[in-house]
1. Any residue that is within 15 Å of the chain's Cα centre (by Cα) and closer than 18 Å to M66 by Cβ - is there at least one of those in the stretch 109-118?
2. Of everything in the stretch 91-106 that's in contact with a helix residue (DSSP H, G or I) (Cβ under 9 Å, 6 or more places away or on another chain) and of a type in the set (G, A, S), which residue is surrounded by the fewest Cβ atoms within 10 Å (Cβ to Cβ)?
3. Taking the condition within 14 Å of the chain's Cα centre (by Cα), farther than 13 Å from L188 by Cβ, surrounded by 13 or more Cβ atoms within 10 Å (Cβ to Cβ) and not β-branched (V, I, T), does E28 pass?
4. Please go through the stretch 103-131 and give me each residue that is in contact with a strand residue (DSSP E or B) (Cβ under 9 Å, 6 or more places away or on another chain) and part of a helix (DSSP H, G or I), ordered by number.
5. Only one residue in A143, A89, A95, A124 is free of Cβ contacts under 8 Å to residues at least 12 places away in the same chain and small (G, A, S). Which one?
6. Could you grab the pairs with beta carbons closer than 9 Å, sequence gap of 6+ or different chains, first residue in the stretch 147-172 and more than 16 Å from I137 (Cβ to Cβ), second one assigned to a strand (DSSP E or B)?
7. Considering every residue within the stretch 41-49, establish whether at least one is more than 28 Å from L160 (Cα to Cα), of a type in the set (A, V, I, L, M) and either in contact (Cβ under 8 Å) with a residue 24 or more places away in the chain or assigned to a loop (DSSP other than H, G, I, E, B) (or both).
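The values are calculated or read from the model by the stated rules, or taken from the named source; none is laboratory data. Because the structure is predicted, anything quoted here is derived from the model rather than measured. Positions of Cβ are generated from backbone atoms using ideal geometry, with glycine treated the same way; all protein chains shown enter the neighbour counts.
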Amino acid sequence: MTRVEITSKSFGTARVLGRVSFTIDEGETVALVGPSGIGKSTILRIVAGIDTAFDGRVERPDAVAMVFQEPTLLLWRSLRENLRIVHPALTPAEAEEALVQVGLAGKADFFPGQLSLGQQRRLALARAFAGQPELLIMDEPYASLDQETAQGMLRLTETLIARHRPATLFVTHSMQEANHLADRVLTLREGPDGATLG
């Protein structure tokens, strides 16, 4: 189980988060929604262990993967190398299978610049799932995609989550995405002492 107990988070003198407390069970998908700039991405960075300057504590499994708003790919590396540089134990066959699972079969020797934005997002998903994460964290993974591509990515993510069964926490501005993918939706609201879950 992932357990999050944030009592406060500040940037300088500005307190952005108040008390934020929730758990994510193994295999459960939780969506985090709320207005822009309220602190959703900050919570994800805390849960992932990227941001450690907060009051509280987080219990998380060892195997964590994060999908950012932008694909964050190495443009000078092939698709196969983008997978294996993060997961060096991955065999070429396993890397190919990871690409097959996201609809990028036969493209292992391509470079990210040869892909559309939607395909780059698929590669980012393949990279996340290739490590068999126990906790998957996604920060608006469908942002800036057209509706058709976003819907395809949503269905792909749903399939991969069902196949691998990680605990999943993701941020979205779309209640449609939240209701489709999540078992539970958490809403972040502004409070007098920083944002809290409402």
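1. no
2. Filtering the stretch 91-106 for residues that are in contact with a helix residue (DSSP H, G or I) (Cβ under 9 Å, 6 or more places away or on another chain) and of a type in the set (G, A, S), the one surrounded by the fewest Cβ atoms within 10 Å (Cβ to Cβ) comes out as G106.
3. yes
4. R121, A124, L125, R127, A128, F129, A130
5. One residue alone meets the criteria, A89.
6. E158/T29
7. no
For every residue, the table says whether it meets (1) farther than 26 Å from Q176 by Cβ; (2) at pLDDT 95 or above; (3) not in a helix (DSSP H, G or I).
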{"position": "V30", "(1), (2), (3)": "no, yes, yes"}
{"position": "P35", "(1), (2), (3)": "no, no, yes"}
{"position": "W76", "(1), (2), (3)": "yes, no, yes"}
{"position": "E81", "(1), (2), (3)": "yes, no, no"}
